[in-house]
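For reference, the structure is listed below as structure tokens.
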Number of protein chains: 2
Amino acid sequence: MHPKIIPVVMCEGAGIGLWPVSRNTMPKQFIPLFGRDSAFQRMAKLLSDATAFDRLIVVASAEHRFTAADQLQAIGVKAEIVVEPVCRGSAAAVAIAAELGLARDDAALVGVFAADHVVQDGRLFVETCSKAATVAAQGGIVTIGIPPAYPATAYGYIRPGSETAAGAHQVEAFVEACDAVQAARYLADGYLWNSGNLIFNAATMRAELEAFEADVMASVGEAVATGSHDLGFLTLEPRAFAKAPKASITAVMEATEKASVIAGPFGWSDVGCWSAVWELSEKGANGNVVEGRGYVFDGANNLLRSEDALLAVVGVDDIAVIATRDSILVVPKAKAGKVADVVALLMANGEPEACSHREIHRPWGKYLSIDLDRRHQVKRITVKPGGVLSLQKHHHRAEHWVVVRGTAEVTRDDETIIVHENESIYLPIGCVHRMANPGRIPLDIIEVQVGSYLGEDDIIRIEDIYKRC
Amino acid sequence: MHPKIIPVVMCEGAGIGLWPVSRNTMPKQFIPLFGRDSAFQRMAKLLSDATAFDRLIVVASAEHRFTAADQLQAIGVKAEIVVEPVCRGSAAAVAIAAELGLARDDAALVGVFAADHVVQDGRLFVETCSKAATVAAQGGIVTIGIPPAYPATAYGYIRPGSETAAGAHQVEAFVEACDAVQAARYLADGYLWNSGNLIFNAATMRAELEAFEADVMASVGEAVATGSHDLGFLTLEPRAFAKAPKASITAVMEATEKASVIAGPFGWSDVGCWSAVWELSEKGANGNVVEGRGYVFDGANNLLRSEDALLAVVGVDDIAVIATRDSILVVPKAKAGKVADVVALLMANGEPEACSHREIHRPWGKYLSIDLDRRHQVKRITVKPGGVLSLQKHHHRAEHWVVVRGTAEVTRDDETIIVHENESIYLPIGCVHRMANPGRIPLDIIEVQVGSYLGEDDIIRIEDIYKRC
């Protein structure tokens, strides 16, 4: 018997192929695309199968660590959350996983999984992982290859070689498909999609990284060893980690002789674009998929998604119409792969909606800007039970807070005031203030800002329980 | 020399072919579709040409009388505004015009024009009207026919007969085109589009209406004679007017022997659907038309219009994407004629956005709902200088008002309180209150409503300077 797999979920990437829903401020792995759970939550649930897996480790950016924690709490999954101060590429990410595994057990088997991958058959996924673990336990590095469902050009391919163990094959090459013709040839020749998910003996992985990416392994080893525990997170030591060169794990997988591939026929997608979302969704009448308030009149196989507005699509087929509160995308499903390029152009044009959502998540809750003009802004602020905003002041604006649900505990200079539902409080320019939710239910506040400058950078943080100042 | 034409602009119709921008609460004639002016304002400006026209008369519904007045004031055009208590069809509308004309002058020449028609060449339009007036002065009824620009099936056609005067022809028949083949045949045979715009001798029109629609003429005659002048409007007497049978003026035009047609080659459209808007708009790169924040990537001849959200259209041609704050329409331009049917289906489904805008215009100004939840609503309210809301109370909600621009004079039970910018006031459930703008600049208020029922019908109006209670 080999030890259980230590599953490490990587929450990297912005997933801009799913813009406008997915952006830097809330990337696709944290968004519920099918049903109630996000891809991250689905993956976390799969990796909670105690027959195959040890306690979950989640690697997240500093920006998204609270989102990851909240989403795990919502599904009742306990995990160790490790904060990557910056993103240093897949070699560094795998090195973190190896290092964390070895911290638990010298013989650790580690599985590295992407938070934004969607698996159709969970039972078969766990079985595949277990099979890979048997191979990894012999000191191997096993990559999970996916039997291709179609000649994709968006995925990398693996050419499997001779069988090395039950169901495991040598990796002959990692290749890309330049076009559909080449991809079709790969399919005919039995190539597999490269899912990027790995299961390995941690000691072997460390040795191979030391051999082929020594600087990465050294920096990561130091960053993990000198990381700091705070607010329930392990944050890697930023200076040491930043020294790790940006490198891809594929180079290591190509160089090592320990690599093998196991086919995982469990139905898999990285949900890279809106056509994939349509593929994976349950279809309604005429093949249309409608999330939110939408109607299709005289059209088939469309994907409609609306956060707020009423959406009417008339006389078109095979199109995706995606509407958030602040942005709308219209693209034929067949061209959905172009969206990432479009978002890059929008970013280059300085459009804020390319990167940032109108609803912003914070460790204490979230806020949504509902009205903005030259000299005033209105926000709807939700504070979680126990949530506490930073103690702060503004140079250029006064604020009026109206409590519309729950109870607020407001600090205003030397006072502490309890503000109940249907009560308000005024915060003049320059006063030092803080809002907290001392109650048992979420606190909803309408904030009316009045002033000559309303930017988020006119927040002078004096104290913050989440260490953001 | 004949008298000048008394121009009467009819502001009827909801224009739902231009949904979601045009709806019952703000129909297309009042919406700026090209440039800054609405179709109504452009028409009013054209009809202010003093060489050809007498002082303008505007016929509007009770609901839109203040909008018409505001839009006229904005362009500096003086007019008599006549309020139709209900809509009773085109025969009644023409009867009103004849009656109002005769009230000014027994020999009056009257022109009836639709507020939502768009004219390309204003000089030629005025010339055509003058030519028609010469014929009308001989006791005739002249309809303006448009030389067809393409084989339209959405317009009615006129078959001209022999010439009766310089440029005027007998009307042989009014016909509809069932399909494009028939329409093309009409074009080849020299038929004209029926614009519905008429220029006539008022006494002749009254006589012909008395002959062919006697009940309409009698009811309208009484409703005009017993109408009431108030707040600068002439409101037709509702009971008398309601007795007018619903009838089309076309039946009268077919029956009378006084009708002739004059061709008006001035470029004309009733802007019935979004493809017409694209046709009439100035094109940008690749034939795309973009109003508001929109981008087309890899696409041609599209129409984009967004009130608020960022709009990205990728890889499609010849499509209209129209986004308001609360609704989004996606339709190929070639199918834009179906939109009215779609809106009817949305209405049947009880979707409020089919009829009502989120921004609601009132005689005192306007409001916009910016956040709505089960137990609270936030509105941005703008009150014109001198505007006064009704004295009112609510059974189910308290209100918090924060002034973000201007100065408010607030009545609260027995108090009158001046609330300045960056100040707020609380209105408990059940208190009798009123807001007014005593200042010289618009007053902007953020209203936060808190309560168990937030519908517009929980407004008990006690007093209203606009006579709405």
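The values are calculated or read from the model by the stated rules, or taken from the named source; none is laboratory data. Please read these numbers as outputs of a predicted model, since none were measured by experiment. Reconstructed Cβ throughout: ideal geometry from the backbone, glycine too, with neighbour counts over all protein chains shown.
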May I ask you to verify whether B:Ser275 is out of contact with any strand residue (DSSP E or B) (no Cβ under 9 Å at 6 or more places or on another chain), among the small types (Gly, Ala, Ser), buried (at least 19 other Cβ atoms within 10 Å of the Cβ) and outside any strand (DSSP E or B)? no
Only residues in the stretch A:397-425 that are in contact (Cβ under 8 Å) with a residue 60 or more places away in the chain count as the first member; pair them with residues that are acidic (Asp, Glu), Cβ under 7 angstrom, at least 6 apart or cross-chain, and list the lot. A:Arg397/A:Asp458
Could you check, for the stretch B:107-122, whether at least one of its residues is part of a loop (DSSP other than H, G, I, E, B), assigned by TED's automatic domain parsing to the domain that holds B:Phe66 and more than 22 Å from B:Trp268 (Cα to Cα)? yes
Every residue in the stretch B:398-412 that is of a type in the set (D, E, K, R), crowded, with 18+ Cβ neighbours inside 10 Å and closer than 19 Å to B:Val450 by Cβ, please. B:Glu399
For the stretch B:102-134, which residues satisfy the criterion of being crowded, with 24+ Cβ neighbours inside 10 Å and more than 21 Å from B:Arg55 (Cβ to Cβ)? B:Asp116
With A:Glu210, A:Glu163, A:Glu172 as the choices, which residue is free of Cβ contacts under 8 Å to residues at least 60 places away in the same chain and in contact with a helix residue (DSSP H, G or I) (Cβ under 6 Å, 6 or more places away or on another chain)? A:Glu210
Exactly one condition in (1) more than 30 Å from A:Ala344 (Cβ to Cβ); (2) modelled with pLDDT of 95 or more; (3) touching a Gly at 6+ places or on another chain (Cβ under 8 Å) is not met by B:Trp268; state its number. (3)
Inside the stretch A:141-160, the number of residues satisfying the requirement of being at pLDDT below 95 and over 27 Å from the mean Cα position of the chain (by Cα) is 0
State whether one or more residues within the stretch A:392-413 are within 12 Å of chain B (Cβ to nearest Cβ) and closer than 21 Å to A:Tyr466 by Cα. no
One residue from B:Ile425, B:Ile441, B:Ile465 being over 16 Å from B:Glu399 (Cβ atoms), within 14 Å of chain A (Cβ to nearest Cβ) and among the aliphatic types (A, V, I, L, M): B:Ile441
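Residue by residue, here is whether (1) within 12 Å of chain B (Cβ to nearest Cβ); (2) free of Cβ contacts under 8 Å to residues at least 12 places away in the same chain holds:
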site	(1), (2)
A:Asp341	yes, yes
A:Leu368	yes, no
A:Arg374	yes, yes
A:Val378	yes, no
A:Val383	no, no
A:Leu389	no, no
Applying the selection to the stretch B:48-89, what residues are surrounded by fewer than 22 Cβ atoms within 10 Å (Cβ to Cβ), in a helix (DSSP H, G or I) and not acidic (Asp, Glu)? B:Phe66, B:Ala69, B:Leu72, B:Gln73, B:Ala74, B:Ile75
Subset tally (residues that are over 21 Å from the mean Cα position of the chain (by Cα) and at the interface with chain B (Cβ under 8 Å from one of its Cβ atoms)) for the stretch A:311-325: 8
Report, by residue number, each residue of the stretch B:326-339 that is over 20 Å from the mean Cα position of the chain (by Cα) and facing chain A (nearest Cβ under 7 Å). B:Asp326, B:Ser327, B:Ile328, B:Leu329, B:Val330, B:Val331, B:Pro332, B:Lys335, B:Lys338
If you go through the stretch B:1-19 one residue at a time, how many are within 26 Å of B:Val343 (Cα to Cα), out of contact with any Asp or Glu (no Cβ under 7 Å at 6 or more places or on another chain) and either within 14 Å of chain A (Cβ to nearest Cβ) or assigned to a loop (DSSP other than H, G, I, E, B) (or both)? 7
Has the stretch A:20-36 got at least one residue that is more than 30 Å from A:Val339 (Cα to Cα) and in contact with a helix residue (DSSP H, G or I) (Cβ under 8 Å, 6 or more places away or on another chain)? no
Answer residue from the stretch A:212-237, given it is at pLDDT 95 or above, of a type outside the set (A, V, I, L, M, F, W, C) and not in a strand (DSSP E or B) and is surrounded by the most Cβ atoms within 10 Å (Cβ to Cβ) among those: A:Glu213
Report yes if B:Ala240 is buried (at least 19 other Cβ atoms within 10 Å of the Cβ) and part of a helix (DSSP H, G or I), otherwise no. yes
Read through the list (1) out of contact with any helix residue (DSSP H, G or I) (no Cβ under 6 Å at 6 or more places or on another chain); (2) of a type outside the set (Phe, Trp, Tyr); (3) within 17 Å of A:Leu236 (Cα to Cα), then give the number of the only condition that A:Leu124 fails. (3)
Looking across the stretch A:13-37 at residues that are over 9 Å from the mean Cα position of the chain (by Cα) and of a type in the set (Gly, Ala, Ser), the single one that is surrounded by the fewest Cβ atoms within 10 Å (Cβ to Cβ) is A:Gly35
